[in-house]
């Protein structure tokens, strides 16, 4: 990856010398398109969940006030929508470029682990689990930094 030029993988190219492989690649690309459509449905489902969570939390006494725990539940619902949008972006970029964009995949993973950290209940969490989550966050952070640095050089 030097400069703006990114070498294409084309591992699902519809233009293969082997007709069987070419046909199978077309089927896989169709399956990926179906996944993109399904992901849009998931995004709208998640948005409906955000609305329901907000409504249910705000309609309980004391009305229109959220406790700290409620705020974390709302944040988790919002982040689920954002993660679904990022996954959709991964799918559509993959369809367009036929290349897995490592930086976007790592960013999506970072967002997912951030969601996990935000909704952790520290009163019941074991230290080993927390160390594992910390290791994943560190590994993803370093990976994102290295991928970003490599893309700039």
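Since every read-out is calculated from the coordinates, none of them should be taken as a lab result. The structure displayed is predicted, hence computed values, not measured ones. We place every Cβ from the backbone using ideal geometry, glycine too, and count neighbours over all the protein chains shown.
Summary of computed values
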read-out	value
Gained length - residue 47 relative to residue 82, 0.36 nm times residue gap less alpha-carbon distance	11.6 nm
Computed label-point distance, nm, for sites residue 20 and residue 54 using a 7 Å Cα→Cβ extension	5.4 nm
Calculated FRET value between residue 120 and residue 92, using beta carbons and R₀ = 25 Å, to 0.05	0.20
Nearest-0.05 FRET efficiency for residue 37 and residue 130, computed from C-beta distance (R0 41 Å)	0.60
R0 of 22 Å, Cβ-Cβ distance residue 29-residue 151: FRET efficiency to nearest 0.05	0.25
Rounded if a/c under 1.5, otherwise prolate or oblate - the stretch 19-152, Cα gyration tensor axes	oblate
